1. Somewhere in segment 76-88, is a residue open to solvent by 10 Å² or more (accessible area, probe 1.4 Å), closer than 23 Å to E237 by Cβ, touching a strand residue (DSSP E or B) at 6+ places or on another chain (Cβ under 6 Å) and modelled with pLDDT under 95?
2. Checking the conditions here, which among I290, I313, I297 is among the hydrophobic types (A, V, I, L, M, F, W, C), buried (at least 18 other Cβ atoms within 10 Å of the Cβ), at pLDDT below 90 and in a strand (DSSP E or B)?
3. List, please: which pairs have Cβ atoms under 8 Å, are six or more places apart or on different chains, and start with a residue in segment 168-193 that is within 17 Å of L229 (Cα to Cα) and end with one that is open to solvent by 80 Å² or more (accessible area, probe 1.4 Å)?
4. Which one of these is of a type in the set (S, T, N, Q), modelled with pLDDT under 90 and surrounded by fewer than 21 Cβ atoms within 10 Å (Cβ to Cβ): S149, S95, S120?
5. Going by what's in this entry, would L199 be described as closer than 26 Å to L70 by Cβ, assigned to a loop (DSSP other than H, G, I, E, B) and open to solvent by less than 80 Å² (accessible area, probe 1.4 Å)?
6. Taking the stated definitions as given, is A131 open to solvent by 60 Å² or more (accessible area, probe 1.4 Å), under 26 Å from I68 (Cα atoms) and touching a residue at least 40 places away in the same chain (Cβ under 8 Å)?
7. Would it be correct to say that A156 is at pLDDT below 95, over 25 Å from A210 (Cβ atoms), of a type in the set (A, V, I, L, M, F, W, C) and open to solvent by 10 Å² or more (accessible area, probe 1.4 Å)?
8. For segment 31-74, list the strands (runs of 3 or more DSSP E) that sit wholly inside it and hold at least 2 residues that are within 14 Å of A99 (Cβ to Cβ) and open to solvent by less than 40 Å² (accessible area, probe 1.4 Å); which are they?
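The values are calculated or read from the model by the stated rules, or taken from the named source; none is laboratory data. Here the structure is a predicted model, which is why all the values come from computation and not from measurement. Note: ideal-geometry Cβ built from the backbone for every residue, glycine included; neighbour counts use all protein chains shown. Keep in mind that these areas ignore ligands, DNA and RNA; they rest on the heavy atoms of the full protein, side chains included. Shrake-Rupley method; radii C 1.70, N 1.55, O 1.52, S 1.80 Å.
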Amino acid sequence: MWCRTRVILTVFSLAIWISANASTDVSTVDFAAGTSVVFSQPLKGAEEKNFGSGWKRADFIAASGTRITLLGLEYPTSGGGVIFESDYPPQISPSGKYAILDVLRAGIVNPGPSGKAEVSSRQYCPVLNTASGCIVSMQTGELCGGEWSSNVDQWAVTGYKYDSNSAMFKYQFNSANELWNQYEQSSKKNEATKLEEFLVSNLGIANMMACEPPSANNRSAYLSISRQLRMDGDAIEATLIDKALGAPTRDDPFTSVVKVVVDKARLYDNPDLSSKAKMYVIKNDSVRLIRRQGEWILIEYVQSNGNALERWIACADVGLCTK
């Protein structure tokens, strides 16, 4: 794990960041492009004890108001996931074009080296394009220990023997065409291959489209990805693509608002059976779909008093699972 040696932040600005995190469940960082990142859902209780302080969720808010959940496919549960660390604010480049985030990929290994369950983690430093919301790369190790030059967007790591700037800003992930081609080739050899495996390594559909917006050159690949996602039972991600493509969805059973299909559906604080919330919804209640993670869906439910709550629900309880 790399050692933090950051010196570009003033003590005053760091104190403001820590103070804000300590007093609220939400923290917002604004960028010059008129965009922002909103950190929310701080770790508490056993999760904070296991993984330290940090945020479970980070949403990029575009100038248009469009929201992209960053690294949403790795939402943390009691078993681990991606945590946005709260001890260090994003490092914004001199031009304001980039922000380097501080995240931890954490999990519980059981048994660990001691023979008991142990926390295992690794630091990463995703590079966010503050205009588009695209995560350009997600490096780890020595590269995360660098800092910005004083007046240009140059990332420098003392003692690093390679070109640290090129490594940080070279796009690290597959294009839509490359990803679909790799999936097709793999599925021919193994019918059990799941497209989701390829999407996770590319940080999800939302990040792909932020980095590579749909165009004439990739439209066919995106349509193929959408069709396969529907076959795999992931209508939410598929519809995200279709909307971006302007593809017709008149005959699509998916809608952003659905009804609960079971008599009583328990809600959860996290996509995890161990995080049962003290609330539930009943058959024919309407909920708004936000995003899917495996067999779980993050929904918004408006209570009778008008308060809107975000909780997780089993996708079978709203009739969207096909596997």
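1. yes
2. I297
3. Sorted first by the residue in segment 168-193, then by its partner, the pairs are N177/N217.
4. The unique qualifying residue is S120.
5. Taking the combined requirement at face value, the residue does not satisfy it.
6. It is true that A131 is open to solvent by 60 Å² or more (accessible area, probe 1.4 Å), under 26 Å from I68 (Cα atoms) and touching a residue at least 40 places away in the same chain (Cβ under 8 Å).
7. yes
8. 36-42, 55-61
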